[in-house]
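Have a look at the structure below before the remarks.
No value in this document is a laboratory result; all are computed from the given coordinates. Being a predicted model, the structure only gives us computed values, none of them experimental. Counting neighbours? That spans all protein chains shown, and the Cβs are built from the backbone with ideal geometry, glycine included.
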Amino acid sequence: MWSREAALAVAILCGTVRGGFGEAESATSRNKPDILRLHEDLFETSGYNSNVRPVRDYRRPINVTLDLALAHIIDLDEKDQILTVDIWLRMKWTDEFLTWNVSEYGGIETVTTRAERIWRPDLFLYHNVNHEFDGWLDEVVVITSDGLVDWKAPAVAMSACPVDVSDFPFDKQRCKLQFGSWNHDGRYIDYFSKNNMGDLASFIRNAEWEVPELVAKRSNPLYNGVPYPDVTFTIHMTRRSTFYVINMFLPCVLLAFVVGATFYLPPDCGEKISFGVAVLLSLAVFQLLVAEAVPRSENIPAIGRFIFVSLALMALSLLSTAFVITLGDSVHDTKPVPGWARRVFLKYVSKALLMGDQSKHNWEAPWDVCNAPSKQLENDGLAGEALTFQNGMCSDTRRKPTVYLPAKSIMKIPASTRKQLECLLQINGAIEEISGYLKKMDTVKYIHNEWKTLAIVVDRIFLVLYIIASALALVITLLNVQ
């Protein structure tokens, strides 16, 4: 009997002690701050596991909304075709295991915690070329009472970007940042874009590139019949061409038109070829600079096309200069300009080139020495030296002086006088020879000057053709820029 009463007393005592401990524990829990109780209830007592997709129905996918803010374009390597950007990636999804009643926790509607404590989508940047990239930064996430998770992940992303340099330095590039899940298909994680456009409000101005727009697009391709949704942000970039225009394009244009100065040099000037070659080499140096600035591809940049055409025109100008020099050279001194060339080039073409009629006031025609009559000096029956110039350019015939003296006169003319007459005949022959040589030189000079005038007219024709071709090359290059 006593044992029953003792057992009952012990039971009552244990219940009293247990109730005291429960009341103490409840009092301690009530004394904790609401935020601590909320964190404990969400991540500790609830048994939350960051490796489990936070859906109560495992057959339903988690909808992740993406938004991207472009902070800065660090570099676009045209040769390696790599885009390096500073971005802020914003993701939102609903975690069904992280919900609470606001009234039970002092009206707390949001909590912040380390991103590593919760489940996160395995978001991956496709075409990532940064092998040292170990994931998004583990910054804090913001969780609302209805389970909405807001994760802002800043990162420096390096992505492959095919560069089309066809319009360099007036080119526009489109680089894509494609995000999607690496291990989960669309049945488990589905990605959506918050807006059709990305965020450029915090974009820091780049010295080389303008970013007029950032376009977002969701796609849902199928691989083996399984959907793999992704969101692609396309960065539209326009190159600031002022630097390249001033330092590369304008010097090339000036060099191309400076070659026209070679056509103003006289045809017999030996510096025409040297000057043209010097300008040609200078333009070749700019071609090398362009080749170093753009990637090796089948697309030729606009400035490269212009330089190539300019090099070809310069090479043709050197050939035309060599032709003009040969045309005005002395190898033509013994052959007069053909009549048709004199009429076409020295008359009509020279007028069209505003040079006047070169066939009229070219040079005075020399003495007509081709039909110069034979002259014979006779003095009192004394036939002196006969000089005949049939062609002042090439030949002269000289007969030895023959003296015819009457028999009566022989006795009358003293020997000294005869010697003086013979001396005069020799002097006359020398004068005639000098006169014929001078006439020949005048004829040669006339022919040479006529060929030289023809060379100047032809040189002016090449100048006009070169200017037209260079201007067309420049205009076509600028018009072809998209």
At a 10 Å Cβ-Cβ cut-off, how would you order TYR446, TYR105, TYR437, fewest neighbours first? TYR437, TYR446, TYR105
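Grab the Cα-Cα distance for ASN195 and ASP164, subtract it from 0.36 nm times how many residues apart they are, and report the gain in nm with one decimal.
Details: separation 31, 0.36 × 31 = 11.16 nm, distance 2.78 nm.
Here the segment from ASN195 to ASP164 would lengthen by 8.4 nm.
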Other-chain or far-sequence residues with amide H under 5 Å of ASN130's (modelled H): MET158
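Show me the ranking of peptides 228-237, 139-148 by mean Cβ neighbours inside 10 Å, starting with the highest. Don't skip to the answer; put the middle values down first.
Details: 228-237: 20.0, 139-148: 16.7.
Put in order of decreasing packing, that is 228-237, 139-148.
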Distance check, please: which entries in LYS172/LYS272; LYS419/LYS445; LYS152/LYS176; LYS335/LYS419; LYS79/LYS194; LYS92/LYS176 exceed 32 angstrom between their Cα atoms? LYS172/LYS272; LYS419/LYS445; LYS335/LYS419; LYS79/LYS194
Would you pull out the residues with amide H under 5 Å of ASP75's amide H, same chain only if 5 or more places away, H placed 1.01 Å from N? THR84
Residue by residue through the range 251-262, the couplings from Karplus 6.51 cos²θ - 1.76 cosθ + 1.60 with θ = phi - 60°, in Hz, x for Gly and Pro, are x, 5, 5, 5, 4, 5, 7, 5, 4, x, 5, 5
Ranked list, fewest to most other Cβ atoms within 10 Å of each Cβ, for PHE462, PHE308: PHE308, PHE462
7 Å from Cα along Cα→Cβ at both VAL52 and GLU116: what's the point-to-point distance in nm? 2.2 nm
Among the range 168-194, those whose backbone N falls under 14 Å of a label point 7 Å along Cα→Cβ from ASN130 are 177-178
Using a Förster distance of 22 Å, how high is the FRET efficiency between ARG205 and VAL140, based on the Cβ-Cβ distance and rounded to 0.05? 0.15
Taking R0 as 60 Å, what's the FRET efficiency between TYR348 and ASN183 from their Cβ-Cβ distance, rounded to 0.05? 0.15
The set of residues whose placed amide H lies less than 5 Å from the amide H of CYS175, leaving out same-chain residues fewer than 5 positions away, is ILE235, MET237
Set the Förster radius R0 to 30 Å, insert the Cβ-Cβ distance between ASN428 and LYS335 as r into 1/(1 + (r/R0)^6), and round the FRET efficiency to 0.05. 0.35
